[in-house]
Amino acid sequence: MISSSLFHRYPSSFVSNQPQCPPHHTLHTRKILNNHSPPASTPTPTHHRREKDENIRDEARLNSKSHNFSAKYVPFNGDPSEKESYSLDEIIYRSSSGGLLDVEHDMSMLKQFSGEYWKALFDSRVGKTTWPYGSGVWSKKEWVLPEIDDDDIVSAFEGNSNLFWAERFGKKFLGMNDLWVKHCGISHTGSFKDLGMTVLVSQVNRLRKMNRPVVGVGCASTGDTSAALSAYCAAAGIPAIVFLPADKISMAQLVQPIANGAFVLSLDTDFDGCMKLIREVTAELPIYLANSLNSLRLEGQKTAAIEILQQFDWEVPDWVIVPGGNLGNIYAFYKGFKMCRELGLVDSIPRLVCAQAANANPLYLHYKSGWDEFKPVKANATFASAIQIGDPVSIDRAVYALKNCNGIVVEASEEELMDAMAQADSTGMFICPHTGVALTALNKLRAKGVIKPTDRTVVVSTAHGLKFTQAKIDYHSNDIKDMACQFANPPVTVRAEFGAVMDLLMKHLNKGS
């Protein structure tokens, strides 16, 4: 779903192959747009209906344009004087020293085009069906995976998710008038993981066409990663292998990889144990690793940050709050915002908040220690099951991002996150427990006066609430041990008689008056 704020902004002049400058653009920007064809931009249609032997991939192939944009793997936060780098076509997850890798774009080539140019180009692609730009990820292709052929892309036109003005929740519970929720869970498989998986599976599709030794793609998952991986692999005809911790994910999450034909192994361990095993297996077998240790995923996830800026007409919010488990997402948001600043689309970046469940809070403990030596923890059970991770792979990425944006880490107890979820649902939302963690962080920062009543704040919702119906049922049934469930709203049993029904209705209506 695309935010309604996106639809009213784009004049008809933006639908052509070369987007024209809006009236407020500078003469310099008009000259750039007129003299340089947008890289692989939307082709002007020549007919209303395709011939029977044509499709949108054929159109993309015929209208593709050459460019000099490129990207490569480099050691994360490495010494700029070091020359270690790898092609994205190499199957590699760690640097020579064993550290994380990052995808580095050739910024000098991207800077040949102004920030106004990139804004006009990205805005012109929103809501189109032209392959592959109907995707919120691939509409930023030049900043994501610039060298992949459009024909190799595996996409469900993910992204372009709703940025919802949480008017009633903000006013009723927080005294805020500019609170927004980025519903990344309104996506193909119901979570933000689609944003990264379309990039990773597309690259695997490319590698297999190059006859690289890749027999399938594997991941460890607490639910959503496996759903995204299995869906995109099924769309591409690529085998998917999933390691899940037994009895630690919701049935709605478990059924997705099964339905999509993945080979699912249910293991008697937690996520960290699954992660250890999948890394060992992918070191021995030609199975491509799909967890966020693989930095390709983050290239897709960073586009959610760019979308937020688009949806605010390229104005920067004050705060963005992101639930954190394996911690790749908080770095992805930072990277997206930073790239927009570096390329001149905006002149600042928001402060980031990483929200963790208190039962799985290694980053929070690290932050509270003043970034002293990091110590993994044993993650305990949490309703926010997707972030039940005690030894996050992307800890270094998260710390780097938070330090560079004056970020904050906040934790939420089980009761706090479930109450926050119930409050949000009572105002018309239907959020996941992880979003409840983020809303708890917002509530605590508001109570301390860190976030002001008029601060423009975005809470990132990472998964659809329908994946967590059992948790909601247990809460509203007052069936959670040692939890007050103060906002529970159970159904009321009443005799099927007019008088009995009227008595209850009058009592209920008078209570609300």
Along the charge dipole of the chain, which of Ser191, Ala259, Phe76 sits closest to the positive end, that is, farthest toward it, with unit charges on the beta carbon of Lys, Arg, Asp and Glu (+1, +1, -1, -1)? Ser191
Treating every alpha carbon of the stretch 78-151 as one equal point scatterer without solvent, the Debye formula yields log10 I(q)/I(0) values at q = 0.12, 0.15, 0.26 Å⁻¹ of -0.47, -0.69, -1.23
Tilt, helix 115-125 to longest principal axis of the chain (alpha-carbon atoms), in degrees rounded to tens, equals 70
Phi angles of the stretch 374-379, converted by Karplus (6.51 cos²θ - 1.76 cosθ + 1.60, θ = phi - 60°) into ³J(HN,Hα) in whole Hz with x for Gly and Pro, give 6, 10, x, 10, 8, 6
Over the stretch 277-389, with a single point scatterer placed on each C-alpha, what log10 of the ratio I(q)/I(0) does the Debye formula yield at q = 0.14, 0.18 1/Å? -0.72, -1.02
Once ligands and nucleic acids are excluded and a 1.4 Å probe is used, how much of Cys354 is accessible, expressed in Å² to the nearest 10? 0
Counting only backbone N atoms under 18 Å from a point 7 Å out along Cα-to-Cβ of Glu167, the residues of the stretch 293-314 in range are 312
Under 5 Å, built H, 5+ apart or other chain: amide partners of His188: Gly159
To check my understanding: the extent here is largest minus smallest coordinate of the Cα atoms along each principal axis. What are those three numbers for the stretch 143-207, in Å, largest first? 51, 23, 13
So for Ile431, Ile258, what's the accessible-area order with a 1.4 Å probe, most first? Ile258, Ile431
Mind jotting down the distance between the C-alpha centroids of the stretch 167-228 and the stretch 253-293, whole Å? 17
Taking all protein chains in place and a 1.4 Å probe, what share, in percent, of the accessible surface of the stretch 273-390 do carbon and sulfur account for? 47
Which value results when the Cα radius of gyration for the stretch 327-424 is divided by 2.2 N^0.38 Å? 1.15
In square nanometres, what is the average projected area of the Cα convex hull of the stretch 372-466? 7.3
DSSP-assigned coil residues among GluC sites (Glu not before Pro) in the stretch 261-361, each with at most 14 further Cβ atoms within 10 Å: Glu315
The chain, relative contact order [Cα under 8 Å, separation at least 6], %: 13
Beta carbons within 10 angstrom, averaged per residue: use that to sort the peptides 154-161, 378-385, highest first. 154-161, 378-385
In whole µm²/s, the translational diffusion coefficient that Stokes-Einstein assigns to the stretch 139-293, given a Kirkwood hydrodynamic radius over C-alpha pairs, 10 °C and 1.306 mPa s, equals 95
On a 0 to 90° scale, report how tilted helix 224-236 is relative to the longest principal axis of the chain, with both axes built from alpha carbons and the result rounded to the nearest 10. 40
With n ≥ 4 as the cut-off for DSSP H runs, can you work out [θ] at 222 nm for the chain, using -39500 (n - 2.57) per run divided by the number of residues, rounded to the nearest 500? -11000 deg cm²/dmol
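Starting from the Kirkwood Rh over alpha-carbon pairs, what translational D in µm² s⁻¹ does the stretch 411-512 have by Stokes-Einstein at 4 °C and 1.567 mPa s?
Answer from the Stokes-Einstein relation: 83 µm²/s.
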Which length gain, in nm to one decimal place, applies between Ala484 and Arg57 when the Cα-Cα distance is subtracted from 0.36 nm times their residue separation? 148.3 nm
Heavy atoms of Trp165: accessible area, 1.4 Å probe, square angstrom to 10: 100
Based on the Cβ-Cβ distance from Ser87 to Asp151, what FRET efficiency comes out when R0 is 25 Å, to the nearest 0.05? 0.80
Hey, what do the phi angles of the stretch 430-438 turn into as Karplus ³J(HN,Hα) couplings, whole Hz, using 6.51/-1.76/1.60 and θ = phi - 60°, x for Gly and Pro? 8, 9, 8, x, 5, 5, x, 4, 5
Using only Cα atoms, find the angle between the long axis of helix 414-426 and the longest principal axis of the chain, and express it within 0 to 90 degrees, rounded to the nearest 10. 80
One would report the antiparallel percent of DSSP beta bridges in the chain, rounded to the nearest 5, as 30
Per residue convex hull volume, Cα only, the chain, in Å³ is 187
Which of Lys72/Lys140; Lys248/Lys452; Lys248/Lys335 exceed 27 Å between C-alpha atoms? The answer is Lys248/Lys452; Lys248/Lys335
In debye to the nearest 20, the charge dipole size for the chain, taken about the Cα centre with +1 at each Lys and Arg Cβ and -1 at each Asp and Glu Cβ, equals 980
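The values are calculated or read from the model by the stated rules, or taken from the named source; none is laboratory data. These numbers come from a predicted model, not from an experiment. Quick reminder, even Gly has a Cβ in these numbers, built from the backbone with ideal geometry, and neighbours come from all protein chains shown. Only protein heavy atoms, including side chains, enter the accessible area calculation; ligands, DNA and RNA are left aside. Shrake-Rupley method; radii C 1.70, N 1.55, O 1.52, S 1.80 Å.
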